[in-house]
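Reading through the structure tokens given below for one structure.
The values are calculated or read from the model by the stated rules, or taken from the named source; none is laboratory data. Owing to the predicted nature of the structure, the values given are computational and were not obtained by experimental measurement. Cβ sites come from the backbone with ideal geometry, for glycine too, and all protein chains shown count toward neighbours. Areas reflect the complete protein model, heavy atoms only, side chains present, ligands, DNA and RNA absent. Shrake-Rupley method; radii C 1.70, N 1.55, O 1.52, S 1.80 Å.
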Amino acid sequence: MAAGLPPAIARWAASAQPLRRAVVLLLVGTSYFAAAKLGLLLAIVHTSATAVWPPTGIALASLLLLGNQAWPAIAVGAFLANITTHGSVAACAGIAIGNTLEALVGAWLVRRYARGREAFFSGLDAFRFMVLAGVLATSVSATFGVLSVTLWGDATWAKFGPIWWTWWLGDMGGAFVVAPLILVWSTGPRVPWSEWTRARAVEAVCAFAALLLAGQAIFGWLAPVGSDPVVLKFLCMPILIWIAYRFDPRTAATGVFVLAAIATLGTVRGALASGPGVLNESLMLIQVYLAVTAMSTLVLAAAVHERTQAERALRATSDELREALTEVEAFSHAVSHDLRTPMSTVYNYAAVLEEDYGGQLDPDTLGRLRRIRASVRSATDLLDELVKFVWAGNPTIPKRMLDMTALAREACAELVVATEDGSAVQFDVGELPPAHGNPQMLGRVLYNLLSNAVKFTRGREARRVAISGRVEGNENVYSVVDNGVGFDPRLGDEMFRPFYQANPVRFAGAGLGLAIAAKIVRRHGGRVGAESDGTSGARFWFTLPEGGVDEPVSRGPAGR
Amino acid sequence: MNLFPGVLLVDDDEDYLFVARRAIERAKLRADVRVTRDGEEALRVLGLDPGGVEPAAPYTLVVVLLDLRMPGLGGFEVLRRIRENERTRELPVVMVSTSNLPDDVARSYALGANSYVVKRMDSEYPGGFVVDAARYWVELNEPPRVVARS
């Protein structure tokens, strides 16, 4: 059978210099002619109808690779192959028209619905290719061809049915076995040599050895005497699935081709003794067998390829994202550190000036001097919060089971020390269900929610902040309830957005506390929310999945 | 000869050093404050530089206030060298930094820091936190005996 069109030649042809094009077309025509002559050797039911017709695959692949304008090569090749074998000029012309139309219709359908030459790199497209080009388009050639030999040749109408079936199955075999082989070796992503490790090469050799052995056992010299080949035929399926699953579409198409060659040769050899009628029937059955095998194997290989590509793309994207996030974090730390140092200097020197000359300044000037310090301090606070906001997005933090009650108590204690009025608030910490997460991050969530609650009870009588938790379905719900001023119920989730400030004048802050909390909770696979009637306090809550979400890759011991 | 307990300030920020020294002076802390402006110089003073010899004239250090991020030899590296050497293994080291990152704090303690102080903006008087930190080691803590070069 004819060799596939090597990619270098296809590219060369695409560069479209007339002479080169002519050479390529000549090559296609010759391959077609040679493959057709080979197929016609097995023409039994009628001198022009054979159950083995690889030219269909060559024609289809050539049109897909070179474009429709390559059709004359096929028409001429088909006509010459037939006229030199048997039949009238009219009959041979009819057959040639049918063969050419089959390829044109198949190529058009595949281009329109199955991504053209790339069909065997996607499961769905591979399936569509098989149905459109292999099953539908081949009926064009069968109908044209059988009509031609019946009208202008020596075939009788009585034999129309059997000849048509043989014709159709032969073309289908070519479309299923030969076209994919040429297409996948000419196009599509190449597997880099670096991926062919020694182990993989050994595995490929083993798989093909197993295929050859099984093929021989079923169709060849190794076949047990008197065995039923129908049952044994399916021995090859697991091996082809192995090849399709572990390697790429190219290897799979090669495997299918190898099996087809063994099966066809074996069938011819085995059935020759039994007479031509039996041979044709055997060859038809083998075509059906090969069609089913090719379809399963190639669709699987294409689907596996698709999945591998998708995985690779996903991994690349996620690596890039992770890298970008790490960079942003490192950058924010650097900026924070580098800004903080000069800001401290401004702050300290303003303080030094006040210390040394404060007594000699009028109240206005002294006030302005103090404003310098206050401004620097609030800028530093904002910087702090920004760094924390970036840090809260870190995807690589290590997680473990946490005692949330202890974490909440720590946060309360920290709050009492850190704020001027924290000690004026009564904290009630209930029993909280344990959660899976990062201690610094979930500690920060609790601290930020508690600090928010403390802030909004400012100026109220008998300030109280309660934190409680319970298991609800498959998640833990934690609530921070205060008796502060509350918020407008219409606000909803607005408050969890970065830089949102309820009342910047009355309750100072960078406006990032709740946004940081929300970001951390979402990173842990949970949700946040808030409720208030607008007068008698608020409830801020967050959930965490009961068992915890999957562990991300830890970035090492430094992460604690 | 100053017989007060020695405090070694290691920091590359001249402005910070000015404020820190002024604050310690004003607080009348009875300490002999020495200053080095980078990690290499600090190691030299501690007799930990390559080929360095044990200080001949004893200068008793009770604490090193060590900046975390410095050009050249950083605070972590200086701390590691201090802990590696038999003679200075027990020397109290307080990490002082503008960073309050959990990772920095954790790594400092993992490397054997005795304390970690964030350079904050004191509302009472400038450099107040340096005095607060140093006072504990100078006045309250019973130090191990560690000598350095004068």
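Summary of values
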quantity: Stokes-Einstein translational diffusion, segment A:92-153 - Kirkwood Rh over all Cα pairs, 1.306 mPa s, 10 °C, in µm²/s; calculated: 133
quantity: Unit charges at the beta carbon, dipole of segment A:294-337: most positive-side option, A:LEU321, A:THR308, A:SER336; calculated: A:THR308
quantity: Rg over Rh, two decimals, segment A:21-81 (C-alpha only, Kirkwood Rh); calculated: 1.00
quantity: Computed helical MRE - 222 nm, the protein assembly as shown, DSSP H runs ≥ 4 contributing -39500 (n - 2.57), nearest 500; calculated: -18000 deg cm²/dmol
quantity: Cα centroid separation, segment A:374-390 to segment A:469-492 (Å); calculated: 27
quantity: Reciprocal of mean inverse Cα separation for chain A (Kirkwood radius, Å); calculated: 30.0
quantity: Relative contact order, percent, chain A [alpha-carbon distance under 8 Å, six or more residues apart]; calculated: 10
quantity: GNM flexibility winner over chain B from B:LEU61, B:LEU17, B:LEU79 (Cα, springs under 10 Å); calculated: B:LEU17
quantity: Debye, to nearest 20: dipole size of segment A:78-128, +1 on Lys, Arg Cβ, -1 on Asp, Glu Cβ; calculated: 180
quantity: Leading residue at positive end of dipole, segment A:434-488 (Cβ point charges), from A:TYR478, A:ALA462, A:LEU449; calculated: A:ALA462
quantity: Dipole-positive endmost among A:GLY123, A:LEU136, A:ASN438 within the protein assembly as shown (Cβ charges, Cα centre); calculated: A:LEU136
quantity: Long-range HN-HN contacts of B:GLU90 with modeled amide H, under 5 Å; calculated: none
quantity: Probe 1.4 Å, all protein chains present, accessible-area order of A:LYS159, A:LYS233, B:LYS28, largest first; calculated: B:LYS28, A:LYS159, A:LYS233
quantity: Chain A - charge dipole about Cα centre, Lys and Arg +1 at Cβ, Asp and Glu -1, debye rounded to 20; calculated: 1480
quantity: Area accessible to solvent at A:ARG368, 1.4 Å probe radius, in Å²; calculated: 150
quantity: Kirkwood hydrodynamic radius of segment B:55-106, Cα pairs, Å; calculated: 12.2
quantity: Given charges at beta-carbon only (K, R positive; D, E negative), |dipole| of segment B:1-102 in Debye; calculated: 400
quantity: Cα extents of segment A:293-394 along the three principal axes, largest first (Å); calculated: 98, 18, 13
quantity: A:ILE239 - accessible surface, heavy atoms, 1.4 Å probe, Å² rounded to 10; calculated: 20
quantity: Mean projected area (nm²) of the alpha-carbon convex hull when segment A:339-459 is viewed from all directions; calculated: 10.1
quantity: Cross-link partners of B:LYS119 among lysines (Cα-Cα below 18 Å; sequence separation of 8 or more within a chain); calculated: A:LYS388
quantity: Crossing angle, helix A:55-66 versus chain A [Cα axis fit, 0-90 degrees, rounded to tens]; calculated: 50
quantity: Within chain A, longest stretch free of exposed GluC sites (Glu not before Pro) [DSSP loop, at most 12 other beta carbons within 10 Å]; calculated: A:1-419
quantity: Averaged over B:120-127, number of beta-carbon atoms from partner chains that fall within 10 Å; calculated: 6
quantity: Whichever lysines have a C-alpha closer than 30 Å to that of A:LYS37, once near sequence neighbours (fewer than 8 apart) are set aside; calculated: A:LYS159, A:LYS233
